[in-house]
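Peer 1: Quick one: structure below, then a few questions.
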Amino acid sequence: MSNATQHLEGPIGRRTRSCATELVCRDCGYRTALEERAFKCPACGDGLDIDYDYERAGAAIAERGLEGRPWNVWRFEELLPITSAEAQARVGQFAGHTPLIHADRLGAEFGLRKLYLKDDSTNRPSLSYKDRVVGMAIARLLELGKDEVGCVSTGNVGTAVAALAAKAGATAYVFYPGNMEKGKAKACRALGAQVCQLDGNYDQANRACRELSLASGIEFANITLRPFYAEGAKTMAFEVVEDLGWDAPDHFVIPAAGGTLSSRVHKGLDELETVGLAETAGTKINIAQAGGCDPIATAILEGGEIEPQTPDTAAHSLAIGAPGDGPLVVDAVRTRGGSAATPTDPEIWDAIDLLGATEGILTEPAGGTTIATVGQLAAQGKIGPDETVVAVISGNGLKTIQDHPDKAWPEMVACNLESMGAQLEDFRRIAATVA
Ligand SMILES: Cc1ncc(COP(=O)(O)O)c(C=O)c1O
Ligand SMILES: [Zn+2]
């Protein structure tokens, strides 16, 4: 047994309460056992999804109740795909359960009284929503008895894989596109992962990593483990609706790159209704994409299919021009209602500053894209002043601070009362003109 899997020794076969049944192709109906190492439908090539025995899940949740459940991504384990209790115990014990914050000051700027922020910029261990999905992927890796994991990343998957693999005792190989924030690569190195930047954009890197994972037999968190990975994103829907007292919001506003988060929030909302925890059919999903990479938003706003694009935006974590789960997102928005917006890079940076100055939250461009989108949808009347809106802040601005536009400050003021007094007066004058 390898180092990574030694800790899985324990009561043999101890199972979680997962009610997952099979891997399934939503497109053609192909089904295969959960134990199979499959991620793509052999019949039609579509990505595989996880199916559940929802009747059993609903009964199990009703019987067991909510008291005493952990406040982490495993809270509704009945609706998650991991069956090994040992793998579950090893991963993501502190991931999820991020705060839902009533953004009264930001909401006032947009004329929204019930604006909430789901603040995944504080997710653990790596400060982005990716801790949810990568948590499921690493647990699956342990379930398979493997101790090496790769990933291809626009930034945050890499840091999540590096951190969660380290804690699980697995070796991580992170592949980044050429154009991304160096701080994220540095963070991966500090976390003990091997990092490689490829001479191409994300979509080119993704294709190459798929070939590498199949040739090498190494599991890739967001390629070969993808059906399991994606399920982690549902936990955001579960947490938000529970935090709102099982009263689902009128709107989610979600940033999209590959489309995993938004499509799985949709699935999670559906599941809450199916198992009888909440009525969620009225919740609309709105998509935030940067104007320099907006294939999903364009399909939503203009109709038709997704047309791949070549990304050109400072929102590097959202820069996926050929989104794998894009069609699922478009379906979700068309089914539930909702819309999209495509702010420019300057609008994204302004929105980051506005969020910081009103709510004290420093986010990266993905979160700025969400906030700019909320503002635009409110101004267009697509979100009403008294509707409950949950905007997803999916990543932390400390990771991208080097990229934020510079704002000068006085760096060499004499260290005495006279100079500092004059400086303070200056500060007050500036503050008064901003207010
Ligand atoms: C901070 C952040 N927010 C949102 C997303 C979008 O995720 P998805 O690929 O699930 O659409 C990403 C993905 O890379 C991200 O890093
Ligand atoms: Zn199929």
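The values are calculated or read from the model by the stated rules, or taken from the named source; none is laboratory data. If you're wondering where the values come from, they're calculated on a predicted model, not measured in any experiment. Neighbour counts are summed over all protein chains in view; Cβ atoms, including those assigned to glycine, are modelled from backbone coordinates with ideal geometry.
Peer 1: Can you confirm whether ARG75 is away from ligand 1 (no atom under 16 Å from the Cβ), at pLDDT 95 or above and crowded, with 17+ Cβ neighbours inside 10 Å?
Peer 2: So ARG75 fits the description; yes.
Peer 1: Please specify each residue of segment 394-419 satisfying the condition of being of a type in the set (A, V, I, L, M, F, W, C), surrounded by 12 or more Cβ atoms within 10 Å (Cβ to Cβ) and in a helix (DSSP H, G or I).
Peer 2: LEU398, ILE401
Peer 1: Sort out which residues of segment 224-235 are touching a helix residue (DSSP H, G or I) at 6+ places or on another chain (Cβ under 6 Å) and either away from ligand 1 (no atom under 13 Å from the Cβ) or among the hydroxyl-bearing types (Ser, Thr, Tyr) (or both), and write them in order of number.
Peer 2: THR224, LEU225, PHE228, TYR229, THR235
Peer 1: Also, quick follow-up: Tell me whether segment 186-198 contains one or more residues that are touching a residue at least 40 places away in the same chain (Cβ under 8 Å), crowded, with 24+ Cβ neighbours inside 10 Å and under 19 Å from the mean Cα position of the chain (by Cα).
Peer 2: Within segment 186-198, none of the residues are touching a residue at least 40 places away in the same chain (Cβ under 8 Å), crowded, with 24+ Cβ neighbours inside 10 Å and under 19 Å from the mean Cα position of the chain (by Cα).
Peer 1: Still on this structure: For the structure I just gave you, tell me whether ALA290 is part of a helix (DSSP H, G or I) and either within 25 Å of ASN206 (Cβ to Cβ) or modelled with pLDDT under 95 (or both).
Peer 2: Spelling it out, it is not the case that ALA290 is part of a helix (DSSP H, G or I) and either within 25 Å of ASN206 (Cβ to Cβ) or modelled with pLDDT under 95 (or both).
Peer 1: Do you know which of the residues in segment 322-346 that are more than 17 Å from VAL265 (Cβ to Cβ) and crowded, with 20+ Cβ neighbours inside 10 Å is farthest from ligand 2 (Cβ to nearest atom)?
Peer 2: Only one residue tops the list, namely PRO343.
Peer 1: Look through segment 161-177, keep the residues that are under 20 Å from ALA89 (Cβ atoms) and either touching a residue at least 40 places away in the same chain (Cβ under 8 Å) or not assigned by TED's automatic domain parsing to the domain that holds LEU212 (or both), and return whichever of them is nearest to ligand 1 (Cβ to nearest atom).
Peer 2: Filtering segment 161-177 for residues that are under 20 Å from ALA89 (Cβ atoms) and either touching a residue at least 40 places away in the same chain (Cβ under 8 Å) or not assigned by TED's automatic domain parsing to the domain that holds LEU212 (or both), the one nearest to ligand 1 (Cβ to nearest atom) comes out as VAL161.
Peer 1: Name the residues in segment 230-241 that are in contact (Cβ under 8 Å) with a residue 60 or more places away in the chain and either among the charged types (D, E, K, R) or within 16 Å of GLU78 (Cα to Cα) (or both), would you?
Peer 2: ALA230, GLU231, GLY232, ALA233, LYS234, THR235, MET236, PHE238, GLU239
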